[in-house]
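Each remark here refers to the structure printed beneath this line.
The values are calculated or read from the model by the stated rules, or taken from the named source; none is laboratory data. Nothing here was measured: the structure is a model prediction, and the numbers come from that model. All Cβ positions, glycine included, derive from the backbone under ideal geometry; neighbour counts span all protein chains shown. Accessible surface is based on the protein model in full, side chains and every heavy atom, while ligands, DNA and RNA are left aside. Shrake-Rupley method; radii C 1.70, N 1.55, O 1.52, S 1.80 Å.
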Amino acid sequence: MTERITWLKRDLSTLELLALGYSDVSSTYYFTLGIVALNSGPLLPITMLLGSLSLWLVGLAYAEFGSSIPRTGGAYYYIHRELGSTWGFIAGWLLSFDQILMIAYGALGTINYLSVIIPSVSRWPMDSVLSILVIIMIMVINILGIKTSARFNLTLLTIDLLGIMTLLVFGYYLVISHGIVIPKLSFNYDYLIHGLTYSFRGYTGIDVIAQSTGEAMTPYISVPRAIIGVSVLSTTVALLISLLTILSGALTIVSSNVGDPIGALARYLLHNTYLSTYISISIAIVLLISVNAGIVDFSRSIYVMSEDGLLPGRLSSVHGRYRTPHLAIIISSLIAMLFVIPGSVELIADSYAIASTIVYLMTMIALIIFRNKESHLVRYLRMPSIVIRRIEIPIVSIIGIAIYTFSIALIILIKSVYVLVVLSWLSIGILLYLLNRSSRRT
């Protein structure tokens, strides 16, 4: 039996991978910064710094996987390979849910940040209506086969970073020249715990690099470099923004504008309509790209799982004329619309993060199995480890399992209602999975 060729063209450089990863990661903390600030209070820089651990841990795990087995699929492929098809399906299905929510937060975030031009668009139900129109527009574009390239993402990354650097340079200059506001940093247990429940989930999105490993020119070099580059850049920018928020006394402004927190910070600090508008629009552009990325990633994930026999083949069908996975594109867009109807940042952010956290926990377990079961593979990047009874356990996995388990426990205790949302999605997937297995046996 001839093996099906699944290789994709390898033409992504390190810089292009970095642009893909950073645009996804930055879009999540652009979207969630306000709600993290609301729950963290004056401990915002601390919770953002601790929250970046999640990004670093899963990023380093992906880097070791990607430098050893440079295949497209990301966490789905790694977990499927090491833990089996059932766990692989669960990981892939949860990641597809994240991709749907990426569409939702990208659309809602775009409209919220564009309120700098027309303030009324950020009010419900106008924000939900316009967000649905954004999703429909990108959905139609994808059915027609027009996709955003990595080089275009690189251009947008440049525009975005120029906007953020403008805010940081002028912001810190104004803070230093007019006097730094030193907040009272007395320890507050509630601020720390509630802040961490959000900040652990405010740096998601690095999965796109792992999913694009099969398209990297030199994956064993470029994938680790891109992941580390994204982690450094994202942690640095998020920390500088959160520090600027506290030192400028803008915490109330940012936490009361959960829809466009960075735009609100720019308006508060700069008092310059043109600069603050440019910053908000640059962020809106990145969030708009995440809508496209979510649709593209979902259709690819569903296609791969269908091709692997884990989902009904009908879901991977392509349009007769445009040769695009139109059914998967339409399904993801329609479900995303349901999430933007309430116009709730918290609903989307929490549901997105819960699914990611579960997948990241599974990735840490898969890395332990990968290190011991496939020890013969060359590792261009190898995480430090300890050996217990001849079992090699990467330190990344030890810390990651502890942190992600702790994060899931916090979510269950504090935000259990959103766990039900994710479990509902997972139940639908498991039902499809079982029905598909049953039909294949008969």
*Condition broken by residue 317, with the remaining ones in (1) at pLDDT below 80; (2) out of contact with any Gly (no Cβ under 6 Å at 6 or more places or on another chain); (3) open to solvent by 40 Å² or more (accessible area, probe 1.4 Å); (4) over 19 Å from residue 95 (Cβ atoms) satisfied*: (3)
*Enumerate the pairs (first residue in the stretch 5-34 and under 11 Å from residue 204 (Cα atoms) and modelled with pLDDT of 80 or more; second residue anywhere and of a type in the set (Asp, Glu) and open to solvent by 10 Å² or more (accessible area, probe 1.4 Å)) with beta-carbon separation below 6 Å, excluding pairs fewer than 6 apart on the same chain, so at least 6 apart or on different chains.*
none
_Criterion first (touching a Ser or Thr at 6+ places or on another chain (Cβ under 8 Å) and of a type in the set (A, V, I, L, M, F, W, C)) does residue 381 satisfy it?_
yes
*Unique match (being in contact (Cβ under 8 Å) with a residue 24 or more places away in the chain and in contact with a His (Cβ under 8 Å, 6 or more places away or on another chain)) among 308, 260, 297*: 308
*Is the stretch 203-225 home to any residue that is farther than 19 Å from residue 75 by Cβ and modelled with pLDDT of 85 or more?*
yes
_Looking for something touching a helix residue (DSSP H, G or I) at 6+ places or on another chain (Cβ under 6 Å) and farther than 26 Å from residue 310 by Cβ - is there at least one such residue anywhere in the stretch 91-105?_
yes
*For residues in the stretch 143-175 being open to solvent by 90 Å² or more (accessible area, probe 1.4 Å) and modelled with pLDDT under 85, which is farthest from the chain's Cα centre (by Cα)?*
146
*Quick one: what pairs do we get from the stretch 420-442, first residue among the small types (Gly, Ala, Ser), second surrounded by 10 or more Cβ atoms within 10 Å (Cβ to Cβ) and at pLDDT 90 or above, C-beta under 7 Å, 6+ apart or different chains?*
429/93
*Scan the stretch 232-259 for residues that are buried (at least 23 other Cβ atoms within 10 Å of the Cβ), at pLDDT 90 or above and not hydrophobic (A, V, I, L, M, F, W, C) and jot them down.*
242, 245
*Scanning for something over 30 Å from residue 269 (Cα atoms), out of contact with any Asp or Glu (no Cβ under 6 Å at 6 or more places or on another chain) and either hydrophobic (A, V, I, L, M, F, W, C) or at pLDDT below 80 (or both), does the stretch 341-352 turn up at least one residue?*
yes
*Restricting attention to the stretch 277-298, which residues are of a type in the set (Phe, Trp, Tyr) and open to solvent by 10 Å² or more (accessible area, probe 1.4 Å)?*
278
*Give the stretch 384-417 a look and list any residue that's open to solvent by 20 Å² or more (accessible area, probe 1.4 Å) and within 19 Å of residue 67 (Cα to Cα), or say none.*
384, 385, 392, 393, 395
*Output yes when any residue across the stretch 268-276 is buried (at least 22 other Cβ atoms within 10 Å of the Cβ) and of a type in the set (Val, Ile, Thr), and no when none is.*
no
*Is it true that residue 262 is closer than 17 Å to residue 44 by Cα, touching a helix residue (DSSP H, G or I) at 6+ places or on another chain (Cβ under 7 Å), open to solvent by 10 Å² or more (accessible area, probe 1.4 Å) and among the aliphatic types (A, V, I, L, M)?*
no
*Those residues that are assigned to a helix (DSSP H, G or I), open to solvent by less than 40 Å² (accessible area, probe 1.4 Å), in contact (Cβ under 8 Å) with a residue 40 or more places away in the chain and aliphatic (A, V, I, L, M), I need them from the stretch 366-383; list them, please.*
366, 367
*Do you know which residues across the stretch 400-419 are under 17 Å from residue 192 (Cβ atoms), in contact with a helix residue (DSSP H, G or I) (Cβ under 8 Å, 6 or more places away or on another chain), part of a helix (DSSP H, G or I) and at pLDDT below 85?*
407, 410, 411, 414
